Amino acid sequence: MGFYWAEDVMMSAGSLQIMLNEGQPVAEHRPWRRVVVTAEIWNALLEGLAGGAWTMLGLWGETGMAHLALREDSSETIIVASLPCPDGRFPSVGRIHPPAQRLERTMADLVGLQPAGVPDHRPWLDHGRWPVRHPLGAASPPMGLLPPYRFLPAEGESLHQIPVGPVHAGIIEPGHFRFTANGETVVRLEQRLGYVHKGIESLLNGATIDQAARLVGRVSGDSTVAYALAFARAVEAATETIVPDRAHWLRALMAELERLANHCGDIGAICNDAAFALMLAHCAVLRELVLRASAACFRHRLLMDCVIPGGVIADLPADGVKTIQGLIAEIRHQFPPLVELYDNTASLQDRTVNTGFVRPALIKQFGCGGTIGRAGGRAFDARRQPGYPPYDQLEFATPVLTESDVNARVWLRIHEVEQSLSLIDQILQRLPAGPVRVELSSPGQITEGLALVEGFRGDILVWLRLNADSTVSRCHPRDPSWFQWPLLEAAIENNIVADFPICNKSFNGSYSGHDL
């Protein structure tokens, strides 16, 4: 079969699959293909990516190899392209596809892989405080201090800079925001993240599956179920383990409880940043009710370590259905008046409507998911596409709006609360009987797995390679915030500085999930 250039096939169904037929498939990678490609194929993939033929799901590296995960929307094909980098260099993705730039800077920091032609050479996660350089690569001692971080300039009359963070008021993770403003109007915002880098990927190397499951479940604590589920599904794909039906349904129950708690908390917190503390108080009560029900049913308020490879750690107790049904009834009683309060408070609407607008074209380019993406017209939901059980047996809508402002992101959360309540109802009514976990299969050889799971922020990707003894050789978790944080910079442009807190909270990006 002859090679097809990206521009010849980029809009035809199945073109990504056709293009990668020229590469060398990796035999033990599941459930989707991983293909080792040449530089020619890699560059053609980048052309298709820049042209909008497919969406970037992830970009990461290891010694001597760069990996690019792609999804073709027209055919729903997911594939990982791997480019050998014997000289430690690879053609930059970010030079023609800006969403890749921070990921490439991270690859340079962690692995030492250098993107050729990259437009931005600044370090990203490495602040010059690590005991080694390139901890996932050669791990060499640092050679002197890194130069001071150079923020991008903005030119014009009467401009001034406002530095915010990395230490913030209240209980919040650290991140630096550098504003350039003309009076109160923001001309440019530039972020500096990486302050809560924990070396997650280094800690995963050589870990047992049980150790790794606990660690991945703590990448971002508010998404512990989603992360644990993504890791479990990647392990189960790699080991070809069949999980019991009841475990799938209990996992979905936990995932929707997590989504419910976080959306309730976010709705209140957004309103609080508009000085409407009453909504925060009432929504905090709803969130607390969800956390207490979670603890009563699964012995942990945040449901940490409840989802494990092979199933779930424990079954729903005898009175669990009654407890959760009581929770759902209480939220359905208390939530609608809060929605009406939000909708009918003119001073609140004045702060949220038309504030923090993000162009839908940017959302599509960045493959931005979750409430930010769906509030801007991108209907992607990993529960539907590629999908995973038991969502293929459940009825639910994927709410989509097009206004793409703070108000739309609040309403997306409101609609998703309503959908989660419906999903929990269905799960409780149709929960099958049977075991809740199985022992993992032991392939006795090197295997790889990939999973994509919908968390409350958006899609979480986990890729891993298991050694023959079932320890982790390499694992890469990718938080949805990687494709959301950059859009916050666009959202605040031409807004006033005082609207940054409400814009930021309407995004609610994860510092910890991003910084790894």
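What translational diffusion coefficient, in µm²/s and rounded to a whole number, does the Stokes-Einstein relation yield for the stretch 208-274 at 20 °C and a viscosity of 1.002 mPa s, taking the hydrodynamic radius as the Kirkwood radius over Cα pairs? Answer from the Stokes-Einstein relation: 160 µm²/s.
Using a probe of 1.4 angstrom and keeping all protein chains present, the accessible surface of the stretch 125-168 works out to 73 square angstrom per residue. Quick one, could you list the DSSP H helices from the chain stretching 15 Å or more along their long axis (Cα atoms) with average Kyte-Doolittle hydropathy of 1.0 or above? Helices passing the filter in the chain: 224-239, 277-298. Along the charge dipole of the stretch 313-467, Cβ charges K/R +1 and D/E -1, which of Ser347, Pro435, Gly377 sits furthest on the positive end? Positive-most Cα among the choices belongs to Gly377. Thinking of the stretch 381-508 as a set of Cα atoms, what percent of all their pairs are more than 25 Å apart? Everything past 25 Å amounts to 47 percent.
Put simply, the Cα atoms of the stretch 309-436 extend 50, 35, 23 Å along their principal axes, the longest span coming first.
Taking the helices alone, the chain has a mean residue ellipticity at 222 nm of -12000 deg cm²/dmol, built from -39,500 (n - 2.57) per DSSP H run of at least 4 residues and averaged over all its residues.
Each 5 Å bin from zero holds the following percent of Cα-Cα pairs in the stretch 267-350: 3, 14, 19, 17, 14, 12, 10, 7, 4, 1, 0.
Based on Cα contacts under 8 Å between residues 6+ apart, the stretch 76-118 shows a relative contact order of 42 percent. Note on the stretch 222-380: with neighbouring protein chains present and a 1.4 Å probe, carbon and sulfur make up 55 percent of its accessible heavy-atom surface.
What separates the Cα centres of the stretch 213-234 and the stretch 287-353 is a distance of 19 Å. Take every pair of alpha-carbon atoms less than 8 Å apart whose residues are at least six positions apart; their mean separation over the length of the chain yields a relative contact order of 17 percent. Each Cα pair under 8 Å and six or more residues apart adds its separation to the average, and for the stretch 214-352 the resulting relative contact order is 26 percent.
Along the stretch 436-445, what does the Karplus equation 6.51 cos²θ - 1.76 cosθ + 1.60 (θ = phi - 60°) give for ³J(HN,Hα), rounded to whole Hz, x for Gly and Pro? Karplus values, whole Hz, x for Gly and Pro: 10, 7, 9, 6, 5, 5, 10, x, x, 8. Ordering Ile79, Pro501, Thr106 by the projection of their Cα atoms onto the charge dipole of the chain, which places +1 on the Cβ of Lys and Arg and -1 on the Cβ of Asp and Glu, puts Thr106 at the extreme positive end.
Once the gyration tensor of the Cα atoms in the chain is diagonalised, the equivalent ellipsoid follows with semi-axes of 33, 31, 22 Å, ordered largest first. In a reduced charge model with +1 at each Lys and Arg Cβ and -1 at each Asp and Glu Cβ, the chain shows a dipole moment near 820 debye about its Cα centre. Histogrammed with a bin width of 5 Å, the alpha carbon distances of the stretch 366-453 distribute as 3, 11, 17, 18, 16, 12, 10, 8, 4, 2, 0 percent, first bin at zero. Placing +1 on each Lys and Arg Cβ and -1 on each Asp and Glu Cβ, with no other charges, gives the stretch 63-166 a dipole about its Cα centre of roughly 380 debye. Ala154 label point, 7 Å along Cα→Cβ, cut-off 16 Å on backbone N: hits in the stretch 165-206? Answer for this model: 165, 176-192.
Rounded to the nearest whole angstrom, the semi-axes of the ellipsoid equivalent to the stretch 143-203, taken from the Cα gyration tensor as √(5λ), stand at 28, 17, 9, largest first. Panel note: the C-alpha atoms of the stretch 1-152, placed on their principal axes, show extents of 51, 36, 24 Å (largest first). Can you give me the C-alpha center-to-center distance between the stretch 439-516 and the stretch 67-115, rounded to a whole angstrom? What the calculation gives is 15 Å, centre to centre. For a straight C-alpha distance cut-off of 27 angstrom, the lysines reachable from Lys505 (same-chain residues fewer than eight places away being disregarded) are Lys198, Lys364. For the stretch 338-464, a crude dipole built from +1 on the beta carbon of Lys and Arg and -1 on the beta carbon of Asp and Glu, taken about the Cα centre, is about 300 debye to the nearest 20.
The values are calculated or read from the model by the stated rules, or taken from the named source; none is laboratory data. Please read these numbers as outputs of a predicted model, since none were measured by experiment. So basically every Cβ, Gly included, is an ideal-geometry build from the backbone, and we count neighbours across all protein chains shown. When the accessible area is computed, the model is the full protein with side chains, heavy atoms only, and any ligands, DNA or RNA have been set aside. Shrake-Rupley method; radii C 1.70, N 1.55, O 1.52, S 1.80 Å.
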